[in-house]
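Worksheet: the structure to be examined is printed underneath.
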Amino acid sequence: MSSSAPRYGIINFDMMKTWFGRAPEVDGPFWALNLMKYREVADYGDASGPAISGREADDIYVPRESLAGIGAMIALGADVTAQNDNEPAWDRIGIVRYPTRTAFLEMQQRDDFKKQHVHKDAGMEFTIVMSCLPDPANPPVTAPQGTMVLRVARMRAGARLASVDGTTRVATLGVEGVIVGDERTWSHVAFDIAPTADGVAALLGADDGADEMYAFALTEIAVNRLVESIETAQPSGVQL
């Protein structure tokens, strides 16, 4: 992931090892979901870094050149404007569709990526990055106007993230594994559009048989190509 251990989370080397040298027929696109918690002030480790916020450092970091170089797509980028009571209080979420796991690993070695990464390490207090795949049983749909609510959960056996009356399920992802984070695992991700404040509140307060869940209202959306990213993806050789 980088030449030195990042301060913002623990790399899942056990999963990364299974990605090295993966044959094309058992590789394919995956969606990296990033939950981001920023430092109040960016920490560059010495006095030479700019005096900026963690959010501003992450804005500098966004490795658009590196992502374009490997054929990745930024599928969703949004600020969190409301959240359920589960801590920490996250600041932003982002989703990138990578063409393959091999391409993701190759990006870590690019000079342009390494140059940008210092800003992420300075600005990010904590992040969870998970590898996800679309649920083939629930193809994405284009939803009407409303507020997007993202839910990330570790579900009990046999449980699913249920829809709420009056809302529209945009997409559902299954979690392959955590790339960076902590000791926790996750299983399900759902995106719903709620046309009313009551619908948003119902989604933020839903339990659905989850052992743990984050639920976010996303009203400050900078990039929304989520449905497109799923509909235009090549078939994956990986099944959850």
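Read-outs throughout are calculated quantities, based only on the coordinates presented, and are distinct from any laboratory measurement. Because the structure is a prediction, the values reported are computed rather than measured. Every residue, glycine among them, receives a Cβ derived from its backbone with ideal geometry; neighbour counts consider all protein chains shown.
The table below lists the values:
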quantity	calculated
Qualifying residue in the range 107-117 (condition: closer than 23 Å to residue 230 by Cβ and not aromatic (Phe, Trp, Tyr))	yes
Residue among 10, 93 that is more than 25 Å from residue 225 (Cα to Cα) and either surrounded by 19 or more Cβ atoms within 10 Å (Cβ to Cβ) or among the β-branched types (Val, Ile, Thr) (or both)	10
Where a residue in the range 39-61 is over 8 Å from residue 122 (Cβ atoms) and its partner, wherever it lies, is among the hydroxyl-bearing types (Ser, Thr, Tyr), with Cβ under 8 Å and at least six apart	40/53; 41/53; 50/44; 53/38; 55/38; 58/38
All positions within the range 161-173 that are in contact (Cβ under 8 Å) with a residue 40 or more places away in the chain and either polar (S, T, N, Q) or buried (at least 18 other Cβ atoms within 10 Å of the Cβ) (or both)	161, 164, 170, 171, 173
Among residues of the range 226-240, those that are surrounded by 14 or more Cβ atoms within 10 Å (Cβ to Cβ), hydroxyl-bearing (Ser, Thr, Tyr) and in a loop (DSSP other than H, G, I, E, B), counted	1
Test: residue in the range 59-70 that is hydroxyl-bearing (Ser, Thr, Tyr), closer than 20 Å to residue 181 by Cβ and in a strand (DSSP E or B)	no
In the range 125-141, the residues that are in contact with a helix residue (DSSP H, G or I) (Cβ under 6 Å, 6 or more places away or on another chain) and either within 14 Å of residue 168 (Cβ to Cβ) or of a type in the set (A, V, I, L, M) (or both)	140
Flag for residue 21 being small (Gly, Ala, Ser), in a loop (DSSP other than H, G, I, E, B), under 22 Å from residue 178 (Cα atoms) and touching a Pro at 6+ places or on another chain (Cβ under 7 Å)	no
Top-ranked residue of the range 58-82 - restricted to ones that are in contact with an Asp or Glu (Cβ under 9 Å, 6 or more places away or on another chain) and of a type in the set (A, V, I, L, M), ranked as farthest from residue 115 (Cα to Cα)	80
Residue in the range 155-187 that is farthest from the chain's Cα centre (by Cα), counting only those that are assigned to a loop (DSSP other than H, G, I, E, B) and acidic (Asp, Glu)	165
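For every residue, the table says whether it meets (1) touching a residue at least 40 places away in the same chain (Cβ under 8 Å); (2) aliphatic (A, V, I, L, M); (3) crowded, with 17+ Cβ neighbours inside 10 Å.
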{"position": "89", "(1), (2), (3)": "yes, yes, no"}
{"position": "105", "(1), (2), (3)": "yes, yes, yes"}
{"position": "109", "(1), (2), (3)": "no, no, no"}
{"position": "124", "(1), (2), (3)": "yes, yes, yes"}
{"position": "139", "(1), (2), (3)": "yes, no, no"}
{"position": "144", "(1), (2), (3)": "yes, no, no"}
{"position": "148", "(1), (2), (3)": "yes, yes, yes"}
{"position": "157", "(1), (2), (3)": "no, yes, no"}
